[in-house]
Structures are given as structure tokens and as C-alpha cells.
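Q: Handing you a structure now.
The values are calculated or read from the model by the stated rules, or taken from the named source; none is laboratory data. Everything numeric here is computed off the predicted structure, so don't read it as measured data. We place every Cβ from the backbone using ideal geometry, glycine too, and count neighbours over all the protein chains shown.
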Amino acid sequence: MNQKEQLRLLILAVLGRQPEHGYAIAQAIKLRSEGVLSAREGSLYPTLHLLEKEGLVQSSEVEASGRVRREYRITEQGREALQSATGTWEHQVRAVGAVLGSAS
């Protein structure tokens, strides 16, 4: 899984819990990974727009504290994609673990 696919997976995983705006998605990725992973604005928003174009997420403008933000939510198709990508990721993790385990 390359970095673009990984970012797609992380975004879908965050949105699988609840709808969020872009900055909150980036913060959730950073917080949940204990600072190991990040989603920079230059890659986050283009990925969100692509996911929306593909029908995996939907967005709407929402007012919060007098400010209008674009909030993203996962679609049913996005949930299916998340499940598939999670399976692929877990398969890769097991494979890498098997290789690393055999090296010792």
C-alpha cells in the first residue's frame, strides 16, 4: 500500500467514526497515531476531493460557532471501500510480520 492509498484508508477510518471537517481529520490522524502519522493540507484536501468525486465521502457546509466549515461524512460505498482497504492493510501487515519474524 503506497502513501496515497494509506492516506485514503486513514481518512475513511476517521470518517467511519463520525463526520469531521478537514482540520479535525488531520488532527485525529495525528492524535490516534501518537504523532507518527500526519495528513498535510497539501495532500489531505486533494484526497478528500478525490474521495468525494468517487462517491466514497460526501460533504456539506455546516455552521459551527458562527463559522462555516465543510464537513465530510463517509458514504455506504465508502464504508465498503474502508472494509476492503482494511483487509488489504491487515494482510500486508501479516506478510511483513512474517518476513521480519523469519529474520531473527
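Q: I'm checking my understanding of the structure. Among residues of segment 46-80 that are more than 15 Å from the chain's Cα centre (by Cα) and not charged (D, E, K, R), which one is modelled with the highest pLDDT?
A: Ser60
Q: Out of segment 55-74, which residues are in contact (Cβ under 8 Å) with a residue 24 or more places away in the chain and among the charged types (D, E, K, R)?
A: Arg69, Arg70, Glu71, Arg73, listed by residue number.
Q: Collect the residues in segment 1-60 that are farther than 17 Å from Gly87 by Cα and polar (S, T, N, Q), keeping them in residue-number order.
A: Gln18, Gln27, Ser33, Ser38, Ser43, Thr47, Gln58, Ser59, Ser60
Q: If you don't mind, another one. Taking Leu48 as meeting all but one of (1) out of contact with any strand residue (DSSP E or B) (no Cβ under 7 Å at 6 or more places or on another chain); (2) in contact (Cβ under 8 Å) with a residue 24 or more places away in the chain, write down the number of the exception.
A: The number of the failed condition is (1).
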